[in-house]
Amino acid sequence: MDVDMLWSGLFRPLLRLIISISLGLAIGNIIEALHWSRFLARISSPLVRMAHLQDVSGAAFTMAFFSSITANTYLAEQYEQGKIVRKELYFSNLLNSAPVLFLHLPSLFFLAVPFLGKAAFWYVGIIVSAALFRTLGTVVVGRMVLPPTPEGCVTCELDDSAPKSFAEAFQRVVSRFSRRIRRVLLITIPVYVLVFILNRSGFFTALNEVIGGSNGLLPFINPQAAGVLLLSLAAEITAAMAAAGALLTEGTIQSKDIVLALLAGNILSSPMRALRHQLATYMGIFPPRLALWLIFCNQSVRAVSLIVFTLLYYFWG
C-alpha cells in the first residue's frame with residue numbers, strides 16, 4: 001500500500017472527519033455558552049412538546065438541520081451534564097433523523113434526477129415519506145413513553161448560570177472543548193483506522209454477499225436490476241444510479257423495478273453504512289456502548305420505515 005493511497009484513503013478522510021467533529025463540538029459549546037440554544041428550542045417547541053421532550057432536545061433538533069455532528073455533540077454534552085436522561089437521548093437522536101435527511105436532500109435529489117428521470121421523484125419521495133413517518137412515530141411513542149414536561153419548559157432558560165461576560169463564555173467553551181476533543185482523538189482515530197483496514201481487506205464485500213446474497217432472497221427484484229442492487233449494497237449510490245440510468249435509457253426495464261432495486265439496496269446496506277460512516281463519528285461523541293446502541297436503534301428504525309414504504313410501493317405504486 002503506497003503513500004498516496006494511504007493519504008487519499010485514510011489520512012485525508014480521517015483529518016476531514018476530525019475537523020468536522022471538532023467544529024461541531026466547538027459550535028455546540030458556543031451555542032450553549034451564549035444561550036443561543038433558547039432561541040433554537042423555541043423554533044421546534046410545538047413538535048418537541050408533543051413528544052414530551054425537553055428544551056435541549058428541541059435545540060438539538062433545530063441544529064440537526066445545519067449539522068448532525070453539532071446536534072449530536074450538543075446532546076452528548078447535555079446527557080453528560082444530566083440535563084436529559086438516556087431514554088430521552090434515544091428519542092431525540094431518532095427525531096433528528098429527519099433534519100439530517102433534509103440536510104442532504106438537495107444533493108440526493110439533483111443527483112437522482114439526471115440518471116432516473118421521473119423515477120427519481122418516486123425514489124426520493126419514498127425516502128422522504130419514510131423519514132416523516134419516523135418523525136411522526138417518534139413523536140407518538142415519545143408522548144406515550146416519556147413523562148410530560150412542565151408547562152413552558154421548551155422556552156425556559158436552559159442554564160441558570162449564564163456567563164456574565166464574553167471572557168467567561170470563551171473560557172467555558174475552551175474548557176469543555178479541550179476536555180472532549182481528547183476523547184474524540186482517543187476513540188475516533190483507532191475506530192476509523194480499523195474500519196479502513198476491514199474495508200481494504202474485503203470484509204465489507206464479504207458482508208455484502210452474506211446480507212445480499214445472489215438475489216435469490218429478494219424475488220420481487222427484477223433480475224435485470226441485480227447490478228443496481230449490488231452497487232447499492234456497496235453503498236456506491238452514484239454508480240448504482242448511473243447503472244439504473246443506463247438500463248432506463250435502453251428501455252430494457254421499468255422504472256418501478258429500478259426504484260425497488262435502489263430501495264432494497266438502501267435498506268440492505270444499512271449495516272455497512274453504519275460501520276463505515278457512523279461508527280467512528282458516534283464513538284468520538286458518545287460513550288462506546290451508548291454509541292453502539294444509538295446506531296443500532298437509529299438504523300433499525302430507519303430500515304423498518306423504509307421496508308414499510310417499499311412494500312406499499314411494491315403492491316400499490
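The values are calculated or read from the model by the stated rules, or taken from the named source; none is laboratory data. A quick note: this is a predicted structure, and the numbers were derived from the prediction, not measured. Ideal geometry is used to build each Cβ from the backbone, glycine not excepted, and the neighbour counts take in all protein chains shown. We work out accessible area using only protein heavy atoms, side chains counted, and drop any ligands, DNA or RNA first. Shrake-Rupley method; radii C 1.70, N 1.55, O 1.52, S 1.80 Å.
Figure note: ASP55, ASP257, ASP4 ranked by solvent-accessible area, largest first, 1.4 Å probe, ligands and nucleic acids not counted: ASP4, ASP257, ASP55.
Accessible surface comparison of LYS87, LYS256, LYS118, probe 1.4 Å, protein chains only, largest first: the order is LYS118, LYS87, LYS256. Annotation: peptides 262-275, 123-136, ranked by per-residue average of other Cβ atoms within 10 Å with the highest first, follow the order 262-275, 123-136.
Accessible surface comparison of TYR313, TYR90, probe 1.4 Å, protein chains only, largest first: the order is TYR90, TYR313. Determine the shape class of the stretch 58-148: with a ≥ b ≥ c the square roots of the Cα gyration tensor eigenvalues, call it rounded for a/c under 1.5, and otherwise prolate if a/b is greater than b/c, oblate otherwise. Cα axes put the stretch 58-148 in the oblate bin.
3J(HN,Hα) couplings calculated from phi for the stretch 113-118 with the Karplus curve 6.51 cos²θ - 1.76 cosθ + 1.60 (θ = phi - 60°) are, in sequence order, 4, x, 7, 9, x, 5 Hz; Gly and Pro show x.
Computed with every protein chain present, the accessible area of MET144 is close to 140 Å² [probe 1.4 Å].
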